[in-house]
Amino acid sequence: MSRLQKNTNSSEWFSATRNEKPSRMSELIIFMLCVILVFSVLAFGAVNTWALSILSFFAGLILIFWLTDAWLKKEFRFSTNALQVPLLGLILLGFIQLLPLRSSSVGGDLLSVAAANLLSLAPSLTRFVLIQLFVCFVFFAAALTFINDQKRLRKIVLTVIIFGSLMAFYGILQQLANVEEIYGLFPVKGAYAFASFVNRHHFAGFMEMTIGITLGLLFGKDTKKDKQLLLIIATVVMGMAIVFTGSRGAMLGLLGVLGFIIAANLLKKQTNEETSTGEKTKNYSRNFALIGGGLTLILILFGSVLLLGGDSSLLRGIGLQNPDDVSNGRTHFWQIALKIFFDHPILGAGLDSFGVAFTRYDTWNGIYRVEQAHNDYLQILADGGIAGFTCVAAFIFLLFKKGFKTVSNATDSFQRNVAIGAMAGCFGILIHSFFDFPLRTTSNAFFFLTLAAVATVPITSNRLSRKRK
C-alpha cells in the first residue's frame, strides 16, 4: 500500500492523486453506479426482495472491482468523507436492535417456546433494512471515492437528468392514457401507481431530486445557451410530472427546490472582478431574471397541466381537493409515532418496525394497514429513538455544511452549479419527508446519496489538472 496523500482542495484524505489516469476497474465502478440508479427505478423503486437481491449482487460487483483496482495499483483508494459516519451509525444501531437485550414479559408457562426478546419489535423487517443500508453504504462510499474528476461528474449528472426526463415523460403519457398498470402489465392494488413506482408520492420525490440538478444548471451562471433549451425542456417535463402526481408534499418540495436555487444564486459572494459598477448592474439584472424565471416556471407548469386536463391533480396538489384516503390520517399516525418514541426513547422500537408497533397504540377500527408514519423524522424517532434521529440529523447537517463549502471552493461554474442543484434536490425531498416517506423507497435513497456525493466531493478541474502536470 502506498502512503496516504492529502488533497490540496479538501481536508479529506485519499490514497491516490486526482490527476492520475483512471483505471479500467474504476471506470467499471462508475458504470455500475449508473446501472444501480437506472435499475432501481425501473424495478418499481426496488422495494421488493427480488430487486434488493439483484442490487446486492451489483454492490458485490462494485466491491470486487474496487478490490481488484486496489490489487492492480498496489493501493486502496477510499474517501474519509464524514457523511459516511452517520450511515455507519444507522447500520450499527440496526445490529444492536437485533441483540437479545429486551426482558421478556411473557411467562414461560403460556408458550411452548421462549418469547422473542430482541430489542426490535419486527426483527425480520429490521434485517431487511440492514441489507438495504449496507448496499446503500457500498454505493455511497464508491461514489464518494470514484467521482473524482469532471468527466465522471458529468457522466453522473447526465445520467440523472436524461433518465429523470425520460421517466417523467413516460409518467405523463401513462396518466394521459389512463393506464393504471405499471408498464401496462402489472396491476397495483390499494395504491396509485405513477410511471414505474407503486406510490405516486415516491415518484414525485424522485422527480424533486432530478429537477434539482437540472434547475441548478439552468439557473446557474455561465451555462451555455445551446444547453439551456434542453435544460428548459427537461425542467418543464419533470415539473409537470410532479404536478400530475397530485402530491401536496411534492408541491411543497418543488417550491423548496426552486427557492433554494434562487436564494443560493442571489446570495453568492461576488469576486473582486465583479465589484465594478457595470458588473453590479449586470448582477442586479441577472437576479431579477432569476426571480422572474422562477415565477414564470411555476405558471408554465400549472398552465401546461391544466391544458392537458390534469386539473384534479393540480387541485389536490395545492390542497383544494381532499380525497378520502389513508394518508389523510397523518395526525393520528404522528401521535402514535410519538407514543412509540416515548416508550422506546433511546434505541427505538426497531428499524422499520413502525407497522408492527402501530397496532398496539392504534385506536381506529383496524380497517387500514398502516406501515409508515408518513413523516420520516417522526418515524426515525419511533424506529431508532434518539440514537437513530441523531444519525439522520448529523447527516443532514454535514451534507449542507460540506455542500456550501464545495460551492465556495468550486474551481469552475459547472461544479458550483451542480453542487447547488444537488443540495436543492436534497432540500426538496427533505421537505417532502415531513409529510410522507419518499426516502424509504430504495431507488430514492440511491438518488439522494448520489446528490449528496456530487454536492460534497472535492473535484479538481481538468484545466487545473493539466497545469499541474
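The values are calculated or read from the model by the stated rules, or taken from the named source; none is laboratory data. Treat the numbers as computed from the prediction; the structure is a model and nothing was measured. Here the Cβ is made from the backbone with ideal geometry for all residues, glycine too, and neighbour counts use every protein chain on show.
The set of residues from the stretch 118-128 being under 12 Å from VAL356 (Cβ atoms) and part of a helix (DSSP H, G or I) comprises PRO123, SER124, LEU125, THR126. Filtering the stretch 29-45 to residues that are surrounded by fewer than 24 Cβ atoms within 10 Å (Cβ to Cβ) and closer than 11 Å to ALA445 by Cα leaves only LEU37. ASP343: among the acidic types (Asp, Glu), in contact (Cβ under 8 Å) with a residue 24 or more places away in the chain and either more than 30 Å from LEU215 (Cα to Cα) or touching a Phe, Trp or Tyr at 6+ places or on another chain (Cβ under 7 Å) (or both), yes or no? No. Selection of the stretch 297-344 for residues being in a helix (DSSP H, G or I), among the hydrophobic types (A, V, I, L, M, F, W, C) and modelled with pLDDT under 70 yields LEU314, LEU315, VAL326.
Any residue that is crowded, with 21+ Cβ neighbours inside 10 Å, at pLDDT 90 or above, in contact with a strand residue (DSSP E or B) (Cβ under 8 Å, 6 or more places away or on another chain) and not acidic (Asp, Glu) - is there at least one of those in the stretch 423-441? Yes, the stretch 423-441 has at least one match. Among the residues making up the stretch 390-427, those that are outside any helix (DSSP H, G or I) and touching a helix residue (DSSP H, G or I) at 6+ places or on another chain (Cβ under 7 Å) are ALA410, THR411.
From the list THR390, THR411, pick out the single residue that is β-branched (Val, Ile, Thr), surrounded by fewer than 23 Cβ atoms within 10 Å (Cβ to Cβ) and touching a Leu at 6+ places or on another chain (Cβ under 7 Å). Explain how you work it out, then say what you get.
Numbers: THR390 fails: touching a Leu at 6+ places or on another chain (Cβ under 7 Å).
On inspection, the qualifying residue turns out to be THR411.
Scanning the stretch 129-184 for residues that are among the polar types (S, T, N, Q), part of a helix (DSSP H, G or I), in contact (Cβ under 8 Å) with a residue 40 or more places away in the chain and touching a strand residue (DSSP E or B) at 6+ places or on another chain (Cβ under 9 Å) returns THR145, GLN150, GLN175.
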